[in-house]
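Following: one structure in structure tokens, then a few remarks.
A short reminder: the numbers here are calculations on the coordinates, not readings from a lab. All figures in this text were calculated on a predicted structure; none of them were measured in a lab. Glycine gets a Cβ as well: all are built from the backbone with ideal geometry, and neighbour counts include every protein chain shown.
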Amino acid sequence: MIDKIFPDARAAIDGVRDGDTVLIGGFGEAGNPTELIHALIEQGARELTVVNNNSGNGEIGLALLLHERRVARLICSYPRGSHAHVFETLYRDGQIALELVPQGTLAERLRAGGAGIPAFYTPSGVGTALAEGKETRTFAGRDHILEHAICGDVALIKAEAADRWGNLVYRKAARNFGPVMAMAAKTTIAQVRKVVPLGELDPEAIVTPSIFVSRVVPIADPISERDHILALEQAR
Amino acid sequence: MSWTADEIAAIAAAEIPEGAFVNLGIGQPERIADFIPAGREVVLHSENGILGMGPRPPAAEEDMELINAGKKPVTLIPGGAFFHHADSFAMIRGGHIDICVLGAYEVAANGDIANWTTGKGGVPAVGGAMDLVAGARSVRVITTHTTRAGRPKLLQTLSLPATGRGVVDRIYTELGIFKPMGEAYRLLRAAPGETLEAIAARTGAPLRQAD
């Protein structure tokens, strides 16, 4: 019997190695797998390359992983933010490497990684500092730059519901990077609000089919980043 | 007398046609959503995976899993849809978005735009801006006409690192509506009480009257 359900986040995160590339879903406060990141901190892997759209909010989740100095390099599109002080301090002090990527190129590099496409040409970023050193080719009279796929050793994502095979559905804009990261990693670990019996998810509505998911952890009531940020602000 | 921020947003909104798919950037462009003329159906796209984005909800109905590119709570209107990031940027990069409206640090008369880094050692952040300027059919900018220090933002050439080259086709400021023409800007419309000469004095490239 296929059963990808793990009892807790710490058990599900097992096997992440020092130096791994970890894809972490989420955009702003939506879709962050905060409990899985906390389990990764407990697990102890270091010198990680992390791929995320942002750079963590407040002092939990990705921000805490950065604070604990587990991340050598961040690949992201928008590390600036009103609650991104942990990253900003590390960056200013030269304690973390940053690879800045246009957001669409980031999503497409992940999609390509999951789809077996090693690289692709895009006009996004042409003529800018982010195109420096990249191969350029002209198609239909327009310049394009070569961008390489991103593959992860591990993806940590958050979804709304799963079954024991690992089929996933998401909620609203918390879907964001989850589906492409699930495709792009060797091991994809999803935290979900609920696990439902096999056959209960509408096959027409499954967003991430089970083939892209390795492990599932039910986290019924995940930490609210908004409550955390409010508490931080009140403490100041 | 220059236009207020709300007046600029209303003017930019009035130039968005029925049925358009529109992406609004973080900050001042977001305000356009509040001024789409009544009865006109415009579909707002948010880069984080929303088509049919509606206005900010009452505080009691805020849902942090339904947010816009600026990470602020929004709503979904009937007909709206959610999708993942690669699909969202396929809409942008595949040429499916009719209009995007962005903020800018600087614009050049040849249509170049700078809005991702001040180049001063702060944290750079590009987000979806380079995809939008490369993929949207019409790229429009809303910005103040000058910096807080009084320097023109509409320049001959950029002083800051570019987000895109030769992409901007309309600029809205508190002083007027402008079109980059290559060597100069064309003044399409002046705010009430403003003259070509007065605006030109606050613009970093030649300014010409519309024909």
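Please return the longest range in chain A lying between exposed loop sites, taking GluC sites (Glu not before Pro), DSSP loop only, at most 14 other beta-carbon atoms within 10 Å, and leaving the sites out. Let's see the in-between values first.
Working: sites that count: A:47, A:68, A:132, A:135, A:200, A:204.
The longest such stretch corresponds to A:136-199.
Do any GluC sites (Glu not before Pro) in region B:135-211 lie in a DSSP loop with no more than 11 other beta carbon atoms within 10 Å, and if so, which? List each step's numbers first, then the result.
Details: sites: B:174, B:183, B:194, B:197; in loops: B:174, B:183, B:194.
Here the GluC sites (Glu not before Pro) that fit, given the DSSP loop and packing criteria, are B:183.
Taking 20 °C and 1.002 mPa s as the conditions, I'd like the Stokes-Einstein D for region B:38-116 in µm²/s, using the Kirkwood hydrodynamic radius from alpha carbon pairs. Could you put the intermediate results ahead of the total?
Working: Rh = 14.2 Å.
Roughly 150 µm²/s, to the nearest whole number.
Suppose only helical runs count, i.e. DSSP H with n ≥ 4. What mean residue ellipticity at 222 nm does that imply for the protein assembly as shown under -39500 (n - 2.57) per run, divided by all residues and rounded to the nearest 500 deg cm²/dmol?
-5500 deg cm²/dmol, from helical runs alone.
Under 9 Å from the Cβ of residue A:55, count the other residues' Cβ atoms, weight Lys and Arg +1, Asp and Glu -1, and hand me the total. Spell out each step's value before the answer.
On the way: positive: A:80; negative: A:88.
After counting each charged neighbour, the total is 0.
All other residues with a Cβ under 13 Å from the Cβ of residue A:10 taken together, and with Lys, Arg as +1 and Asp, Glu as -1, what is their net charge? Working shown, then result.
Details: positive: A:215; negative: A:8, A:14, A:35, A:42.
Charge balance in the 13 Å sphere: -3.
Please compute, over every Cα-Cα pair in region A:83-236, the percentage with a separation greater than 24 angstrom.
Numbers: 6020 of 11781 pairs.
The share of Cα pairs beyond 24 Å in region A:83-236 comes to 51 percent.
Provide the net charge surrounding residue B:177, with neighbours chosen by a C-beta distance below 13 Å and charges set as Lys +1, Arg +1, Asp -1, Glu -1. Spell out each step's value before the answer.
Details: positive: B:140, B:170, B:179, B:186, B:189; negative: B:7, B:15, B:169, B:174, B:194.
Neighbour charge sum, excluding residue B:177 itself: 0.
For region A:112-127, what does the Karplus curve 6.51 cos²θ - 1.76 cosθ + 1.60, with θ = phi - 60°, yield as ³J(HN,Hα) per residue in whole Hz, taken in order and with x for Gly and Pro?
4, x, x, 9, x, 9, x, 6, 8, 9, 8, x, 5, x, 4, x
Using the crude model of +1 on Lys and Arg Cβ and -1 on Asp and Glu Cβ, and no other charge, please compute the dipole size for region B:1-105 relative to its Cα centre, in debye to 20. Walk me through the numbers before you get to the answer.
Numbers: 6 positive and 14 negative charges, 39 e Å.
Taking the Cα centre of region B:1-105 as origin, the dipole is about 180 debye.
Within the protein assembly as shown, how many Lys pairs that are eight or more residues apart, or on different chains, come under 27 Å at the alpha-carbon?
Step by step, the pairs that qualify in the protein assembly as shown add up to 22.
Over 10 Å intervals from 0, what percent of Cα-Cα pairs in region B:5-209 sits in each interval?
Values per bin, smallest distances first: 9, 35, 35, 17, 3, 0.
May I ask which residue of B:99, B:64, B:181 lies farthest towards the positive end of the charge dipole of chain B, with charges of +1 (Lys, Arg) and -1 (Asp, Glu) on Cβ and the Cα centre as origin?
Toward the positive end, the furthest listed residue is B:181.
Considering the options B:28, B:17, B:4, tell which one lies farthest towards the positive end of the dipole of region B:1-59, charges being +1 on Lys and Arg and -1 on Asp and Glu at the Cβ, about the Cα centre.
B:28
Put +1 on the Cβ of every Lys and Arg and -1 on every Asp and Glu Cβ in chain A; which of A:211, A:12, A:114 then has its Cα farthest towards the positive end of the dipole?
A:114
Once the cut-off is 37 Å, how many percent of the Cα-Cα pairs in the protein assembly as shown end up in the long-distance tail? Each step should come with its number before you reach the end.
On the way: 26012 of 99681 pairs.
Distances greater than 37 Å cover 26 percent of the Cα pairs.
For helix B:5-14, report the angle its Cα long axis makes with the longest principal axis of the Cα atoms of chain B; keep it between 0 and 90° and round to the nearest 10°.
Approximately 70 degrees, to the nearest ten.
So which trypsin sites (Lys or Arg not before Pro) in region B:114-200 end up in coil per DSSP with only 13 or fewer other C-beta atoms within 10 Å? Could you put the intermediate results ahead of the total?
Values: sites: B:120, B:137, B:140, B:148, B:153, B:165, B:170, B:186, B:189; in loops: B:120, B:137, B:148, B:153, B:165.
Sites meeting the loop and neighbour criteria: B:120, B:137, B:148.
Please state, to two decimals, what the Cα-based radius of gyration of region A:71-132 comes to when divided by 2.2 N^0.38 Å (N = residues).
Numbers: Rg = 13.7 Å, N = 62, 2.2 N^0.38 = 10.6 Å.
Rounded to two decimals, the normalised Rg is 1.29.
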